[in-house]
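Working notes, structure below.
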Amino acid sequence: MSQKSTIETVDQIINHAKDRGIIHLATEDSKLENNIITVNQQKLVNFGSCSYLGLEFNESLRNGAKDAIDAYGTQFSSSRAYMSPAFYVELEDKLSQIFGSPTIVTATTTLGHQAALPVLINQNDAVILDHQVHSSVQTAANQLKAKKIHVELVRHNRMDLLEKRILELKGQYDKIWYMADGIYSMFGDTVPIDEVYRLLDKYPEFNFYVDDAHAMSCFGENGRGFVLNGRKIHDRMIVATSFAKAFATGGGALIFPNKEVAQRVRNCGGSLITSGPMQPSALGAAIASANIHLSDQITELQEDLQENIRYTNLALKRHGLPNLSEETSPIFFIAVGLPKIGYNLIEKMMKDGHYLNLGIFPAVPIKNTGVRFTITRLHTFEQIEQMVESMAKHFPLVIEEADYSIEQIYKAFRIEQKFTKPVTEKKLDSLNLTIFKSIAEINHTEWNNLLGARGAFDAEYLQILENSFKSNKEKQDNWEFDYIVVRDNSGEIVLATFTTLAILKDDMLMPNYISTEVERRRVADPFYLTSKTLTVGSPMTEGDHLYLNKKNDDWKKAIIMLMNKLEELQNRYDASNIIIRDLNSDDREMDGLMMDNSFFKIGMPDSAFVEEGNWAGEEEFYNSLSTRSKRHFRENIRRFEDDFNISIVNTPTELEIFNYYQLYLNVKQNSLDLNTFELPFKFFKQMVTSENWEFIVLSLKNSDKNEPVGVVFAYKTENLYNGLIVGIDYDKNYEYNVYRQAMYQVIKRGKELKNGIVPLGFSAIIEKKKFGAKIKGSCAYVQAKDNYNMEALNTISTQKDKKLINYGTNDRGVLPV
C-alpha cells in the first residue's frame, strides 16, 4: 500500500467518522468542571482524557502557571541553544531526582524523539521498531531512513523474534536499537520489560529506546513510569516521556543513563536547537507537578487511580464485555471488529451521556476496530458503573444490527473462544447465497452472460486455471477456487463472483526499489513478506470480477452476504488478507459500505486498452495516432516490422511451449513493477488444450534457426482479445524493439478478429499510450488481519552494504504477470 493510498484511506475514514459526529469535536463549555464536558449542547462524562491523575484542576499547578506568566510573560522566545528561562534549570533538576538519571526537557515528546534519534543512532547501526510503537517514534525513524540507516519492523511484543533478529544483525552492525512503548496507547498493553532487560544484559550490541508517555506519573516511585518502576535505567537505554498526559502540563522529557549522552543530545539534537521552548506557563505548572511527584501525595493519587481501574475491570467482567487491556492500565479497549459497529456504539454511548473514543485504522488494523476509553482519578464509581451498563445494553444490539456475531469478533482479534455454541450465519430471508468449488458446477452460459465479457474469466478460462494451479510441487503454485452466487427469492442473480486463495508477494504493487530490496532478503527466505490472500478474481485475471445488479433493491444485502462469506473463507483458509479488486474508483456509495465493514480502499495501477476503432490497415492506424505517437511508430515499429516473421500458432508442440516459456521467464526476471511468483510451466501446457488460446510468435528473418525472439500468449473471448503474457529475448529487444513490435501485433490481431477491445493491462502505461491506448483507473478494497507486512514494507530502505541483487529494469510485460 503506497503512501498516497494510505493517506487517501485515512482521509476517507476520518471524514466518514467526522460526518457521523464522533470525531473532530469541540467542547462548548466556557469553564470546565471536573470531568464533565458539553458537546452539541449535551453534557457528557469524559472517558477520553489521558490526564489520568486529574492534576489539570490542581490548585498548585494553576498557581504555578499564573505565577510564571506574571514573572516572565506569556512567552520566552529564544532557542534553548542560546538562552533558557530559569524555570528550565529548576525543572530539569527536579526531573533528574524523579527519574534518578540525567533528564532533558523537550517542548513535546514528538520533538524529543526528533532531537534524540538522529544523534543516538549512527550510520552503522540498525533499528528495529515494534510493530505498534507510537507513530511519533516511527516519524522520527523516517529521518534515519533518509540517511540510509537500516530500519525494520518486528511483530508486536515478540521477544523471540526480536532476539532472532539481534543474532542475525549483530555481526553486521555496531549497535542494534529496539524501539517500543512502555504502555501502548490503543490496547493498553505493556512492553515485556523484564525480557528487554534480559536481552540488554545478554547482548552488548543491543540498545533500547522506549516511549513511556502513557505511564508517566501513573506508575513507579515518584511517578517515574512503567519502564523504570522498580528498576534503574540501563546503561544502553534511553527513555522518552510526556508531560501532556497524567503529568498535566504539556511538554516532554528524555532520560539518559549518563550526563555525557544527555549533553550530546542537548548540543546536537535538531529540535533542541531550532525549535521553540516550553513557555513560562507550562514550565511553571510543570515545576508544581514535579513537586507533587517528589512528595508522598503522588502515591495517594496513584492508589486512587488504581482503585478506579480495578472497579472498571470488575464491571467489564461482570457484564462480559471483551476488554483487551491489561488489568493495571488506565487505557481500555473493547473489541467490536467492524468500523460500523464502532460508529454505532459510540453514537449510542454519546446519546446516553458518555464520551468515548473510536479505535480505528490506521491506529489499529481496520478489522480490529474497537471502543477505546480511559479511566482517570476523577471518575466516580457511579459514573463508571453507568457507562459500563450503557455499553453492555447497546453492545449486543449494535452487533445484531450489523449482521455480525460475538464469535466473529473473537476470531477477528484472535482471542481464545469463550463460547461453546457454533458460529451461526444470520440468514437474510430475501436472498440466498450458494458457493461452488469449481466452475464445472455452474451453468457456463449463465456465467458467461454475467461475467464472460468483462475479461479473461469466462468458464473455459477458469477451468484452465483450476487445472493448472492444483497438485503442484511448489506451494505458491496451488490455489483454491470458490464461486459465489447470490439469488433473490425469484431466482434472479443479484451478485456473482469468484475468489482464489493464493500466496502473494506483499510488495506486488510497491515501487521497484522496494521490491528490489525485498527480493534481496528473499534469497534466504523465499516467503519473506508474503501472505495467503483471498482475492476476488485471481492473480491471472484483470477486470471487474464482481457482477452486481444494483437495480435489485437488496444489492447492499448481497454485498453484506458476500463480505460475511469472504470472512468465513478467510478463517477457513487462515488467510491474512482479503482483496476485492478492479472496481469503479468513483463509487462513493460502495466506498462507505466497504469502509463500514472493515475494508479500506486503495488505488490499483492504471490499466490500458485499445478500442477497435474505425481504422483499417496499418496506414489508417498510423493516421489515428497523435503527432508525437506517429514519430514513435515510425522510428520504433514500422522501421523494424519487415525484420520479423509473425506467426499465429494455435497448436504448438511441447518443445515450442517450453521455448515460449523461457522467453516469459526473461520478462519475469527483468520486471518488478508487478512483483509476482513465476507462473508454473503446467499453466502454459494447459493453454494448448483450449481453442481460445493462441500464440503470436515473432522471429527474425535474418536468423537461420528461425528461433522465436518474442511471444504473446493471448486468450480470445467474444468481445475481447487478451494479450495476457509476453515473452522477450532481451538480447534482440534492444536492437529490434521486440517488445514494442509484439504490442503492435496484439493490437493488429485484435482488430483482425473484430474483438472490439484489446486490454493491454498494467505497467508501461506511457509506452502503451503511444499506441493510442486509453487509460482506465480502478480501485481495490482490502481487509487485513493486521498491518504488519504493510508497515514492514513502508520501513524498508536501501541498504548501504551494496549486496542488492540486480534484477534489471522493468521491461514492460504486456499484462500483470
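The values are calculated or read from the model by the stated rules, or taken from the named source; none is laboratory data. Everything numeric here is computed off the predicted structure, so don't read it as measured data. Counting neighbours? That spans all protein chains shown, and the Cβs are built from the backbone with ideal geometry, glycine included. Side chains are part of the model used for accessible areas, which takes the heavy atoms of the whole protein and leaves out ligands, DNA and RNA. Shrake-Rupley method; radii C 1.70, N 1.55, O 1.52, S 1.80 Å.
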Please verify whether region 463-470 includes one or more residues that are more than 16 Å from H545 (Cα to Cα), in a helix (DSSP H, G or I), hydrophobic (A, V, I, L, M, F, W, C) and more than 32 Å from the chain's Cα centre (by Cα).
yes
Per the filter on region 359-370, residues within 28 Å of N35 (Cβ to Cβ) and either surrounded by fewer than 23 Cβ atoms within 10 Å (Cβ to Cβ) or modelled with pLDDT under 85 (or both) are A363, V364
C50 passes all but one of the listed conditions (1) closer than 30 Å to D352 by Cα; (2) open to solvent by less than 10 Å² (accessible area, probe 1.4 Å); (3) touching a Pro at 6+ places or on another chain (Cβ under 9 Å); the exception is number (2)
The lone condition L153 fails out of (1) in contact with a Leu (Cβ under 7 Å, 6 or more places away or on another chain); (2) assigned to a helix (DSSP H, G or I) is (2)
- Item | Hey, D125 open to solvent by less than 10 Å² (accessible area, probe 1.4 Å) and charged (D, E, K, R) or not | yes
Given the conditions (1) at pLDDT 95 or above; (2) open to solvent by less than 10 Å² (accessible area, probe 1.4 Å); (3) within 27 Å of the chain's Cα centre (by Cα), every one holds for L305 apart from (3)
- Message: Criterion first (within 16 Å of G276 (Cβ to Cβ), open to solvent by 60 Å² or more (accessible area, probe 1.4 Å) and either touching a residue at least 60 places away in the same chain (Cβ under 8 Å) or of a type in the set (K, R) (or both)) does Q97 satisfy it?
- Response: no
The residue that is surrounded by the most Cβ atoms within 10 Å (Cβ to Cβ), considering only those in region 490-505 that are touching a helix residue (DSSP H, G or I) at 6+ places or on another chain (Cβ under 9 Å) and over 19 Å from D582 (Cβ atoms), is V494
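Does I435 qualify as being open to solvent by 50 Å² or more (accessible area, probe 1.4 Å), touching a helix residue (DSSP H, G or I) at 6+ places or on another chain (Cβ under 7 Å) and among the hydrophobic types (A, V, I, L, M, F, W, C)?
Yes; evaluated as a whole, the condition is true for this residue.
Sort through H394, H379 and tell me the only one that's more than 30 Å from I579 (Cβ to Cβ), buried (at least 23 other Cβ atoms within 10 Å of the Cβ) and at pLDDT 95 or above.
H379
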Per the list (1) open to solvent by 40 Å² or more (accessible area, probe 1.4 Å); (2) more than 39 Å from the chain's Cα centre (by Cα), residue check on E92 breaks on (1)
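Across region 432-454, what is the number of residues that are β-branched (V, I, T) and over 21 Å from W479 (Cα atoms)?
Step one: list which residues in region 432-454 are β-branched (V, I, T), which gives 434-435, 439, 442, 445.
This time we only want the ones that are over 21 Å from W479 (Cα atoms), so: 445.
Total satisfying the criteria: 1.
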Picked from region 344-357 (must be open to solvent by less than 30 Å² (accessible area, probe 1.4 Å) and either in contact with a helix residue (DSSP H, G or I) (Cβ under 7 Å, 6 or more places away or on another chain) or among the hydrophobic types (A, V, I, L, M, F, W, C) (or both)), the residue nearest to N597 (Cα to Cα) is L345
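In region 520-552, what count of residues is obtained for those that are part of a helix (DSSP H, G or I) and open to solvent by less than 20 Å² (accessible area, probe 1.4 Å)?
At the first step, the residues of region 520-552 found to be part of a helix (DSSP H, G or I) are 520-522.
Of the ones still in play, those that are also open to solvent by less than 20 Å² (accessible area, probe 1.4 Å) are 522.
Final tally of qualifying residues: 1.
If you check E691 against the conditions, is it open to solvent by 30 Å² or more (accessible area, probe 1.4 Å) and either at pLDDT 95 or above or more than 28 Å from V782 (Cα to Cα) (or both)? Full working, then the answer.
Working: open to solvent by 30 Å² or more (accessible area, probe 1.4 Å): yes; either at pLDDT 95 or above or more than 28 Å from V782 (Cα to Cα) (or both): yes.
So E691 passes the test.
Residue-by-condition table, conditions (1) under 39 Å from the mean Cα position of the chain (by Cα); (2) within 26 Å of K748 (Cα to Cα); (3) part of a loop (DSSP other than H, G, I, E, B):
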site: L674; (1), (2), (3): yes, yes, yes
site: N702; (1), (2), (3): no, yes, yes
site: N706; (1), (2), (3): no, yes, yes
site: G710; (1), (2), (3): yes, yes, no
Reported set for region 132-149 where residues are loosely packed, with under 13 Cβ neighbours inside 10 Å and among the small types (G, A, S) is S135, A146
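Within region 150-161, work out how many residues are more than 19 Å from the chain's Cα centre (by Cα) and surrounded by fewer than 22 Cβ atoms within 10 Å (Cβ to Cβ). Explain how you work it out, then say what you get.
To start, the set of residues in region 150-161 that are more than 19 Å from the chain's Cα centre (by Cα) comprises 150, 158-161.
Now narrow it down to the ones that are surrounded by fewer than 22 Cβ atoms within 10 Å (Cβ to Cβ): 158-161.
Matching residues across region 150-161 total 4.
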Note on region 635-665: residues touching a Phe, Trp or Tyr at 6+ places or on another chain (Cβ under 9 Å) and either more than 15 Å from A742 (Cα to Cα) or among the acidic types (D, E) (or both) are E641, D643, N650, P652, E656, I657, F658, Y661
Considering only region 170-181, I want to know if a residue exists there that is surrounded by fewer than 17 Cβ atoms within 10 Å (Cβ to Cβ) and in contact with a Leu (Cβ under 9 Å, 6 or more places away or on another chain).
no
Taking region 328-343 and the residues there that are open to solvent by less than 10 Å² (accessible area, probe 1.4 Å) and in a helix (DSSP H, G or I), the one that is nearest to Q41 (Cα to Cα) would be Y343
Selection over region 25-52 where residues are at pLDDT 95 or above and touching a helix residue (DSSP H, G or I) at 6+ places or on another chain (Cβ under 8 Å) yields a count of 8
In region 244-303, anything in a helix (DSSP H, G or I) and closer than 20 Å to I69 by Cα is listed as P280, S281, A282, L283, G284, A285, A286, I287, A288, S289, A290, N291
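Residues are listed down the side, and each one gets a yes or a no for (1) of a type in the set (A, V, I, L, M); (2) closer than 24 Å to V191 by Cβ:
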site	(1), (2)
L301	yes, yes
L305	yes, yes
A315	yes, no
N323	no, yes
A335	yes, yes
L338	yes, no
L345	yes, no
Sole miss for T369 among (1) out of contact with any His (no Cβ under 8 Å at 6 or more places or on another chain); (2) of a type outside the set (D, E, K, R); (3) within 23 Å of A248 (Cβ to Cβ) is condition (3)
Output for Cβ contacts, cut-off 9 Å, separation at least six or different chains, first residue within 11 Å of F498 (Cβ to Cβ) in region 449-461, second open to solvent by 40 Å² or more (accessible area, probe 1.4 Å) and part of a helix (DSSP H, G or I), reads A459/A440; A459/H444; A459/T445; A459/N448
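How many of the residues in region 349-406 are of a type in the set (A, V, I, L, M), in contact with a strand residue (DSSP E or B) (Cβ under 6 Å, 6 or more places away or on another chain) and in a helix (DSSP H, G or I)?
Restricting attention to region 349-406, the residues satisfying the condition of being of a type in the set (A, V, I, L, M) are 349-350, 356, 358, 360, 363-364, 366, 371, 375, 378, 384, 387-388, 391-392, 397-399, 402, 406.
So of that shortlist, the ones also in contact with a strand residue (DSSP E or B) (Cβ under 6 Å, 6 or more places away or on another chain) come out as 356, 360, 366, 371, 387.
Okay, now just the ones that are also in a helix (DSSP H, G or I), so 366, 387.
Matching residues across region 349-406 total 2.
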Across region 61-105, the tally of residues that are more than 14 Å from G284 (Cα to Cα) and aromatic (F, W, Y) stands at 2
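Would you mention how many residues in region 220-246 are under 33 Å from the mean Cα position of the chain (by Cα) and open to solvent by less than 30 Å² (accessible area, probe 1.4 Å)?
Restricting attention to region 220-246, the residues satisfying the condition of being under 33 Å from the mean Cα position of the chain (by Cα) are 225-228, 236-246.
Cutting the leftovers down to open to solvent by less than 30 Å² (accessible area, probe 1.4 Å) gives us 225, 227-228, 237-243, 246.
Looking only at that region, the number is 11.
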